[in-house]
1. Just how many pairs of Lys in the chain have C-alpha atoms closer than 21 Å, counting pairs that are eight or more places apart or on different chains?
2. Could you sort the peptides 157-166, 10-19 by per-residue average Cβ neighbour count (10 Å cutoff), highest mean leading?
3. Considering only protein heavy atoms and a probe of 1.4 Å, how much of the accessible area of the chain is carbon and sulfur, as a whole percent?
4. Relative contact order (percent) for the chain, with alpha-carbon contacts under 8 angstrom and 6 or more residues of separation?
5. Report the net charge of residues surrounding Arg60, where surrounding means a beta-carbon distance below 12 angstrom and charges are Lys +1, Arg +1, Asp -1, Glu -1.
6. Can you give the accessible area per residue of the chain, in Å², using a 1.4 Å probe?
7. Compute the separation of the alpha-carbon centres of segment 17-51 and segment 125-183 and state it in Å as a whole number.
8. Divide by every residue of the chain the summed helix terms, -39500 (n - 2.57) for each DSSP H run of at least 4, and state the resulting mean residue ellipticity at 222 nm, rounded to the nearest 500 deg cm²/dmol.
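The values are calculated or read from the model by the stated rules, or taken from the named source; none is laboratory data. These figures come from a predicted structure and were not determined experimentally. Counting neighbours? That spans all protein chains shown, and the Cβs are built from the backbone with ideal geometry, glycine included. These accessible areas exclude ligands, DNA and RNA; they are computed on the full protein's heavy atoms, side chains included. Shrake-Rupley method; radii C 1.70, N 1.55, O 1.52, S 1.80 Å.
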Amino acid sequence: LYEVNALGEAQYVMHSAIQKKTGELQVSQDKLASLVDTGIKLSREQDRNKLLRTILFGARDIGPCAAATLFLKTEQNTLVFAMRTSVYTETRFDMSGTKKFSDESGLKSISLLTVPMSPREGEVTGAIQLINALDPETGNPIPFSAELVGFVEALAAQAAVALENQNLIEAQKLLMDALIKLI
């Protein structure tokens, strides 16, 4: 009888572990599907503002998190605020003053994940910042998981290439316009 009970408990533990792993695999599969969907949208978008929104909300959805902010590199090699999700009512943001921003916006930063947008090794064209990972069951802020970093890095790389392609197309248009005016 003892062995039967032990086997029953072992079966219950195995069943619970399988259910947990199945749930984790489903979450990863959903994140991967979201990443692919966002990548397709990025490759097709021609409007710069829509492209930035697709990057921003794609990152937030992969998160999932309370808010996301997008920064772009300037010609002076600094990062400037480009866009944030509508969670914030505050319009100013200072990367070195996260606590001040949290106090002013009313959003308390519990967890932050900032990933560079890099189209090539060693080159940074911007950054995606996710704020306050959300527990899927409770909706409460939690730390970002290590598994999430890879998904956000993949999105950031796709975003960097999409932005670079858009910049090249715009530069090509400007060059053609200049050549037409010269002729």
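1. 9
2. 157-166, 10-19
3. Carbon-and-sulfur percentage of accessible area, whole number: 57.
4. 21
5. +1
6. Here the per-residue accessible area is 66 Å².
7. 14
8. -20000 deg cm²/dmol
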